[in-house]
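Nothing in this text is a laboratory measurement; each read-out follows from the coordinates by a stated rule. Since the structure is predicted, the reported quantities are computational estimates derived from the model, not experimental observations. Ideal geometry is used to build each Cβ from the backbone, glycine not excepted, and the neighbour counts take in all protein chains shown.
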Amino acid sequence: FPTARKMDPEETMHLAQAYLNQFYSLEIEGSHLVQSKNRTLIDGKIREMQAFFGLAVTGQLDSNTLAIMTTPRCGVPDVGQ
Amino acid sequence: YGYTLPGWRRHNLTYRIVNYTPDMSRADVDEAIRNGLEVWSRVTPLTFTKTSRGIADIMIAFRTRVHGRCPRYFDGPLGVLGHAFPPGLGLGGDTHFDEDENWTKDGAGFNLFLVAAHEFGHALGLSHSNDQTALMFPNYVSLDPNKYPLSQDDINGIQSIYGSLPKASAKPKGPTVPHACDPDLTFDAVTTLRREVMFFKGRHVWRIYYDITDVEFELISSFWPLLPTDIQAAYENPKDKILVFKDDNFWMIRGYAVLPDYPKSIHTLGFPRHVKKIDAAVCDHSLRKTYFFVGIWCWRFDEATQTMDKGYPRRVVKYFPGIGLRVDAAFQYKGFFYFFRGSKQFEYDPKAKNITRMMKTNTWFQC
């Protein structure tokens, strides 16, 4: 993951989607959805991840959530192996 | 914690290290992997046997990016450090580490023992825990690798799949946690360690410091996960190391790290084959001679030449008059020897060659 340097919103969303794909099976569940529904799914996955890590469950990519997403970790998914 | 069932049906599992990272010596990788598995065998009926060829239950490899038939990939430095697959045939149990990381034993980089212990949790059937103190928490946390890394959450999780230790080797009947002020307290072994004195009993150890009164009480495994419980003797040698004995094996420890290539046989110290275990050991630092107590006999070992002195063993009752036939534990402190037998303790002046005080074993605990 890119280090904690300042990222622009698009880059942030790209990082978050890669993280949620890998550890919260976003891609598998969202591949058939239209754009608007996909956005809802992403918010839901962000909430799921925030709840798992004990963060404030906002559905938003706040700094705490991004900090967790850029921490070295295990490659096994957190949900639905 | 989370887990996937049914886990491994057999409890005696095999593992194979398919390749090695260039970041560490092979011996250090072997030790990190062995210790990472030992973390789980300590609290379950599981046993792990290393094989060096063919297919093992847990195949361990260092890989990068997209690798072989593995459905997951690595992402270069940082990010994902490793992954493993739940119990099963083929890929089941296999464990991969990202070779693009800097693997280490005790320095900068990612501690291989800690990451391996986590990944083996997956290889045994655990999934991630959201308990931030758990080893199975997804993110890397650089814990003290000398402390036993499992939290109660991890232990509850793995024992949900495999149960706890088999009854036979479970804790002995009666009180499982010894009490410092028990008037009948006996010790397995006692040793100094730099400015501390450590009193071993079963799975636990009390620590006191020369110049402060409070007493710490810990699990032996929280310092040295590799040491067995119920050790039988221990002493500090003149080279800032302690030797710990159980049955016909001994371990050498520097600070809080068990040195690699241990345990070794006590017969490498010069004991004859008929000696199967050591009851107690104490080093006289003024003479650089170590006394080993074996039943009613006392051997003397020259720390400088690393050989047994001639003319030994001698009978304890003659060589250390007054302390009786046998010794449970012993240590040296400010020039005196302290011998423990049953719930009694004898302070002995090696120069005057006589007992100067008799006390209860736990006088050191401010009871």
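Quick one: Karplus J couplings for region B:339-344, per residue in order, coefficients 6.51, -1.76, 1.60, θ = phi - 60°, nearest Hz, x for Gly and Pro?
9, 10, 9, x, 8, 9
Going by how many other beta carbons lie within 10 Å of each one, how would you line up B:Y333, B:Y3, B:Y235, fewest first?
Neighbour counts put them in this order, fewest first: B:Y333, B:Y3, B:Y235.
Within a 10 angstrom radius of the beta carbon, how do B:E119, B:E303, A:E11, B:E31 rank from fewest other beta carbons to most?
Going from sparsest to densest Cβ surroundings: A:E11, B:E303, B:E31, B:E119.
Under 20 Å from the Cα of B:K344, which aspartates and glutamates turn up, not counting those fewer than eight places away in the same chain?
The reachable aspartates and glutamates, counting only those whose Cα sits under 20 Å from B:K344, are B:D182, B:D184, B:D188, B:D230, B:D279, B:D328.
Can you tell me the orientation of helix B:112-123 relative to chain B, as the angle in degrees between its alpha-carbon axis and the longest Cα principal axis, to the nearest 10?
Helix B:112-123 sits at roughly 60 degrees to that axis.
Which cross-chain or sequence-distant (5 or more) residues have an amide H under 5 Å from the amide H of B:N249, H modelled 1.01 Å from N in plane?
Residues meeting the criterion, in which the H sits 1.01 Å from N, are B:I266.
Which pairs break 22 Å Cα to Cα here: B:K264/B:K318; B:K147/B:K201; B:K239/B:K264; B:K276/B:K351? Mind dumping the intermediate values first?
Values: B:K264/B:K318 31 Å; B:K147/B:K201 18 Å; B:K239/B:K264 18 Å; B:K276/B:K351 31 Å.
Long pairs (Cα-Cα over 22 Å): B:K264/B:K318; B:K276/B:K351.
Could you state the number of Å between the C-alpha centres of region B:190-235 and region B:42-83?
Answer, in whole Å: 35.
Taking amide H positions as placed in the peptide plane 1.01 Å from N, state which residues far from B:G82 in sequence (5 or more) or on other chains have amide H under 5 Å from it.
The answer is A:G75, B:D98.
What's the angle, to the nearest 10 degrees (0 to 90), between helix B:152-162's Cα axis and the longest principal axis of chain B?
70
Relative to the longest principal axis of chain B, what angle (0 to 90°, nearest 10) does the C-alpha long axis of helix B:26-41 take?
Here the helix axis deviates by roughly 90 degrees.
Calculated from DSSP H runs of 4 or more alone, at -39500 (n - 2.57) each and per residue, what is the 222 nm mean residue ellipticity of chain B, nearest 500?
Value at 222 nm, helices only: -3500 deg cm²/dmol.
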